[in-house]
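A short write-up of the structure that comes next.
The values are calculated or read from the model by the stated rules, or taken from the named source; none is laboratory data. Nothing here was measured: the structure is a model prediction, and the numbers come from that model. Neighbour counts are summed over all protein chains in view; Cβ atoms, including those assigned to glycine, are modelled from backbone coordinates with ideal geometry.
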């Protein structure tokens, strides 16, 4: 059985892929991060609660509907929290992360992905993670939860992509996902459950509650059907920078270049966008290496067999796929969050032109959206 690391750089971090090794070396244990995270004073917390009351009770037009649909009363919860803050002092107030956790729960109670409580630094730039990814699928026997990616350098007996998770810290995995889903936004059970799976091992702290547990115990079946157990600590690391979204738009006129134009042209799921960058850090170090090389103006890693080199590796992945029905082009679009709209479209058209013309699979799974013009002009 594997046990939590004695230091945040132990185990897989020291053996992580070279392009991300130095970055991951800055990771810390979750408990160590939370001890000193945040600089809000008691007065700061009171102001935040008061502003949240104004936002929800005087500006949130859907509040009566959400209160009726979900049997919640966020305004009353904020008033109770405000009274509790009045009884606290700088010496007796709890750690800042617990304040953010309660505020997040209040905002999540309306189950609206458009109405978010975003945490400030140092939470905003960081992500809590475990060094593997779990996804869900169903077959004739029901639903299953499978490990699909493992960070380079991480190892445990029989633990690799394809193994099936059965329990999460002693809880049947399906129940654990439902419990996790209840903590996050999503207007219906299916949406919340999807978030519950996505956030099992990767949680951007700008939007997510920090994990309550310092480590998890994962029960899984290896290839031979043997039941095994893995114990792994949560770590916190600064997320990857935004590689392509900071570029200035070209040739779109003053409307898009103005800040108001950019804001009006965006339809972004911030949680997914942040999580996708974290997954690149953990499970796609080649993409990180390619982005770094492009920014430095030097050659990057050669594309894998069947892939086509792209000028936007964190946005596109183009490759040929052979199926029983023939050979087709497969174009994955990870995000539309590229402010250089003409550049996005030029690269989109160029890649399509290099793919087989017998058919195209346009893959937008896990795409968190972004600049709406990119999606519309691609059509």
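Here are some notes:
- Residue within the range 181-198 that is in contact with a helix residue (DSSP H, G or I) (Cβ under 8 Å, 6 or more places away or on another chain), modelled with pLDDT of 75 or more, closer than 13 Å to residue 339 by Cα and surrounded by 13 or more Cβ atoms within 10 Å (Cβ to Cβ) present: no
- Residues of the range 125-150 that turn out to be farther than 24 Å from residue 30 by Cβ and not in a strand (DSSP E or B), as a count: 2
- Evaluated against (1) crowded, with 18+ Cβ neighbours inside 10 Å; (2) touching a helix residue (DSSP H, G or I) at 6+ places or on another chain (Cβ under 9 Å); (3) under 19 Å from residue 276 (Cβ atoms), residue 294 falls short on exactly one condition, (2).
A quick yes/no check of all residues on (1) modelled with pLDDT under 90; (2) surrounded by 18 or more Cβ atoms within 10 Å (Cβ to Cβ); (3) under 20 Å from the mean Cα position of the chain (by Cα); (4) under 23 Å from residue 191 (Cα atoms):
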| residue | (1), (2), (3), (4) |
| --- | --- |
| 86 | no, no, no, no |
| 112 | yes, yes, yes, yes |
| 119 | no, yes, yes, yes |
| 122 | no, no, yes, no |
| 153 | no, no, no, no |
| 163 | no, yes, no, no |
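- Among the helices (runs of 4 or more DSSP H) confined to the range 1-111, the ones with at least 3 residues that are under 25 Å from residue 126 (Cβ atoms) are located at 18-24, 30-35, 42-58, 96-108.
- Of all the listed residues (347, 302, 291), the sole one being modelled with pLDDT under 95 and not in a loop (DSSP other than H, G, I, E, B) is 291.
- Residue ID - surrounded by the most Cβ atoms within 10 Å (Cβ to Cβ), chosen from residues in the range 136-149 that are within 30 Å of residue 21 (Cα to Cα) and free of Cβ contacts under 8 Å to residues at least 60 places away in the same chain: 145
- Residue match in the range 333-348 (condition: within 29 Å of residue 194 (Cβ to Cβ), surrounded by 14 or more Cβ atoms within 10 Å (Cβ to Cβ) and more than 27 Å from the chain's Cα centre (by Cα)): no
- Members of the range 278-288 found to be without any contact (Cβ under 8 Å) to a residue 60 or more places away in the chain and part of a helix (DSSP H, G or I), listed by number: 280, 287
Conditions (1) farther than 24 Å from residue 211 by Cβ; (2) crowded, with 16+ Cβ neighbours inside 10 Å; (3) modelled with pLDDT under 95, marked per residue:
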residue: 3; (1), (2), (3): no, no, yes
residue: 13; (1), (2), (3): no, yes, yes
residue: 17; (1), (2), (3): yes, yes, yes
residue: 27; (1), (2), (3): no, yes, yes
residue: 30; (1), (2), (3): no, yes, yes
residue: 52; (1), (2), (3): no, yes, no
residue: 57; (1), (2), (3): yes, no, no
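Residue by residue, here is whether (1) farther than 30 Å from residue 37 by Cβ; (2) in contact (Cβ under 8 Å) with a residue 12 or more places away in the chain; (3) touching a helix residue (DSSP H, G or I) at 6+ places or on another chain (Cβ under 7 Å) holds:
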| position | (1), (2), (3) |
| --- | --- |
| 108 | no, yes, no |
| 117 | no, yes, yes |
| 128 | no, yes, yes |
| 152 | no, yes, yes |
| 156 | no, yes, no |
| 166 | yes, yes, yes |
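- Residue count for the range 297-322, restricted to those that are in contact with a strand residue (DSSP E or B) (Cβ under 6 Å, 6 or more places away or on another chain) and surrounded by fewer than 14 Cβ atoms within 10 Å (Cβ to Cβ): 1
- Check on residue 251, out of contact with any helix residue (DSSP H, G or I) (no Cβ under 8 Å at 6 or more places or on another chain), exposed (fewer than 14 other Cβ atoms within 10 Å of the Cβ) and either at pLDDT 90 or above or part of a loop (DSSP other than H, G, I, E, B) (or both): no
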